[in-house]
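Participant: The structure's right below; bear with me while I get my questions together.
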Amino acid sequence: MADKRSYHMTPDEFRRHGRAVVDWIADYYERIENFPVVSRAKPGEIRGSLPSSAPEHGESFESMLQDVEKLILPGVTHWQSPNFYAYFPSNNSFPSMLGELLSAGLGVQGMLWATSPACTELETHVLDWLVGMLGLPDAFRSTSTGGGVIQDTASSASLCALLAGRERATKLASNERGCDGHLVAYTSSQAHSSIEKAVKIAGIGRENLRLVEVDRDFAMRPDALDAAIRQDLAASRLPCFVCATVGTTSSNALDPVRAIGEICRRHGIWLHVDAAMSGTAALCPEFRHIQDGLDLADSYAFNPHKWMFTNFDSNCFYVRDRKALIDTLSVLPEYLRNRATESGAVIDYRDWHIPLGRRFRALKLWFVIRHYGVEGLRFHVRRHVELAQGFARWIRDESRFELAAPAPLNLVCFRHYRGDAANQRIMDRLNSSGDLYLTHTRLDGRLTLRLCVGQWQTELRHVELARQRIGEEAAALEHVA
Ligand SMILES: Cc1ncc(COP(=O)(O)O)c(C=O)c1O
């Protein structure tokens, strides 16, 4: 070919620009507290600042990085700010970012063991490590009947668990002929919306999802679950799936996994445990009581991307019986056949989740665990819990506020005594000040503020600032009629 032109970045250019990006990220973390936590961009503002069509001629990398600073940063809500207390955190750490970069650099696609053995084997190994680190049941180890896999999100993990439960209940008939409207699933009224989404996707139907009543602490009532199951059985329906939550999104309620598990065992129903954020607390032996009864679960998931210093996306999904999951999801077209798969000696993770393709996500998890060590991870988790507990004590002692739910770990739900409008005003003013970011929920029908301590760089001084700012906004209310 006569034309020797290439538009690719050269390795030397990549070295130079790569260093600039790493420097930019390090600088970003050094100045992150200078930004308003919540972006102040108006709808359409960011798009309005971008050219209406793609460049015909390539541009310099320097100009791209400048535009990140100038055009993109104003539209960023700073999830990694230590003053971010909204929702549940979306964690990060420097070793995680470096693992992510290496994963992109290697660019492997690990759908089969054969398409990159290290991608599969490191994942299996790190997920087995986590069984020990979190005190999970031995049945979840790859060396037992089960095993773990990294999924993108807790939503995907719950969907896979539901599908496996559906197939176990129908002896794979729903995979063959579809659902007939008789299958029923159960979760608490406080469960994450992803369960409702999974029920829609899996063809169970929203009408066949029972939202089981909760107790005063917003945890699922086992007696209500049992009654709902019996009612469905009496009506010739087929219960196939229960999802218990360890740490609900709304209030961090802890469903009683053991009592729920005993009911599921009695009726032969698949039990999935969703511990999206709070599962990380089990790194610390003193918090493992939150998952008591996990030995009765068929599957379990938690998100290192929420509270284990690993950047999005990273969900660890475990099953007790890997065959049930693989039988549910496996399809083997000719073009994926290979000798390693046929030998039966390898894991092909394509059969463990919805997509075929998969990134090398285990690298970042491996880096995080090796950088911090179990000791380091525990240290930071304990510190977050202590900070949240300190904040909860302040709320208890503050005559203007009350705790709206127990605060077992790092989420504190609280409200001002003057009702919804006052709480809305406090939250709006705090969030628009840029000093911190809180979000709300509704508990017992009342607007409730949530403060979740889980950002990797949050320290005592940040929580003290939050206390001070919340106190100031409460004081400002005194002048409002
Ligand atoms: C308990 C619980 N389950 C599931 C999810 C959904 O998480 P993901 O974004 O990983 O699907 C969340 C998100 O906050 C959650 O708190």
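The values are calculated or read from the model by the stated rules, or taken from the named source; none is laboratory data. Worth saying up front: this structure is predicted, and the values here are computed from it rather than measured. Cβ sites come from the backbone with ideal geometry, for glycine too, and all protein chains shown count toward neighbours.
Participant: Of S53, S39, which residue is without any contact (Cβ under 8 Å) to a residue 60 or more places away in the chain and surrounded by fewer than 16 Cβ atoms within 10 Å (Cβ to Cβ)? Spell out how you get there, then give the answer.
Facilitator: Values: S39 fails: surrounded by fewer than 16 Cβ atoms within 10 Å (Cβ to Cβ).
Exactly one residue qualifies, and that residue is S53.
Participant: Does A228 satisfy being closer than 25 Å to S174 by Cα and either out of contact with any strand residue (DSSP E or B) (no Cβ under 9 Å at 6 or more places or on another chain) or among the polar types (S, T, N, Q) (or both)?
Facilitator: Answer is no for this residue.
Participant: Next up: At least 3 residues that are without any contact (Cβ under 8 Å) to a residue 60 or more places away in the chain in each: list the strands (runs of 3 or more DSSP E) lying fully within segment 410-481 that qualify.
Facilitator: Where strands (runs of 3 or more DSSP E) fall fully within segment 410-481 and carry at least 3 residues being without any contact (Cβ under 8 Å) to a residue 60 or more places away in the chain, they are 411-416, 446-452.
Participant: Of all residues in segment 232-248, which are of a type outside the set (G, A, S), crowded, with 24+ Cβ neighbours inside 10 Å and either more than 10 Å from the ligand (Cβ to nearest atom) or assigned to a loop (DSSP other than H, G, I, E, B) (or both)? Full working, then the answer.
Facilitator: Taking segment 232-248 first, the residues of a type outside the set (G, A, S) are 232-233, 237-243, 245-246, 248.
Of the ones still in play, those that are also crowded, with 24+ Cβ neighbours inside 10 Å are 239-243, 245-246, 248.
Within segment 232-248, P239, C240, F241, V242, T248 qualify.
Participant: Follow-up question, since we're still on this one. Do you know which residues across segment 249-259 are within 10 Å of the ligand (Cβ to nearest atom) and assigned to a strand (DSSP E or B)?
Facilitator: none
Participant: Next question. Among the residues that make up segment 139-152, is at least one of them surrounded by fewer than 24 Cβ atoms within 10 Å (Cβ to Cβ) and under 20 Å from the mean Cα position of the chain (by Cα)?
Facilitator: Yes: segment 139-152 contains one or more residues that are surrounded by fewer than 24 Cβ atoms within 10 Å (Cβ to Cβ) and under 20 Å from the mean Cα position of the chain (by Cα).
Participant: Assuming R166 fulfils every condition listed in (1) away from the ligand (no atom under 16 Å from the Cβ); (2) more than 25 Å from G148 (Cα to Cα); (3) crowded, with 21+ Cβ neighbours inside 10 Å; (4) not acidic (D, E) apart from one, which condition is it?
Facilitator: (2)
Participant: Between a residue in segment 261-285 that is in the same structural domain as S155 (by TED's automatic domain parsing) and any residue that is among the aromatic types (F, W, Y) and in a helix (DSSP H, G or I), which pairs come within a Cβ distance under 7 Å, given they are 6 or more apart or on different chains?
Facilitator: The qualifying pairs are M277/W307; T280/W307; A281/F287.
Participant: Output the number of residues of segment 334-366 satisfying the condition of being more than 21 Å from L106 (Cα to Cα) and part of a helix (DSSP H, G or I).
Facilitator: First, pick out the residues of segment 334-366 that are more than 21 Å from L106 (Cα to Cα): 334-346, 351-354.
Cutting the leftovers down to part of a helix (DSSP H, G or I) gives us 334-336, 339-343, 351-352.
Result for segment 334-366: 10.
Participant: Kindly evaluate R288 against the criterion of being away from the ligand (no atom under 16 Å from the Cβ), in the same structural domain as T145 (by TED's automatic domain parsing), within 18 Å of P408 (Cα to Cα) and in contact with a helix residue (DSSP H, G or I) (Cβ under 6 Å, 6 or more places away or on another chain). Give the steps one after another, and end with the answer.
Facilitator: Details: away from the ligand (no atom under 16 Å from the Cβ): yes; in the same structural domain as T145 (by TED's automatic domain parsing): yes; within 18 Å of P408 (Cα to Cα): yes; in contact with a helix residue (DSSP H, G or I) (Cβ under 6 Å, 6 or more places away or on another chain): yes.
When the stated conditions are applied, R288 passes them.
Participant: Of all residues in segment 128-157, how many are in a strand (DSSP E or B) and within 16 Å of the ligand (Cβ to nearest atom)? Full working, then the answer.
Facilitator: Pass one, segment 128-157, residues in a strand (DSSP E or B): 147-151.
Narrowing further to those that are within 16 Å of the ligand (Cβ to nearest atom): 148-151.
Summing the residues that are in a strand (DSSP E or B) and within 16 Å of the ligand (Cβ to nearest atom) in segment 128-157 gives 4.
Participant: Filter segment 199-214 for residues that are in contact with a strand residue (DSSP E or B) (Cβ under 8 Å, 6 or more places away or on another chain) and part of a helix (DSSP H, G or I); which is farthest from A224 (Cα to Cα)?
Facilitator: Looking at residues that are in contact with a strand residue (DSSP E or B) (Cβ under 8 Å, 6 or more places away or on another chain) and part of a helix (DSSP H, G or I), I get V199.
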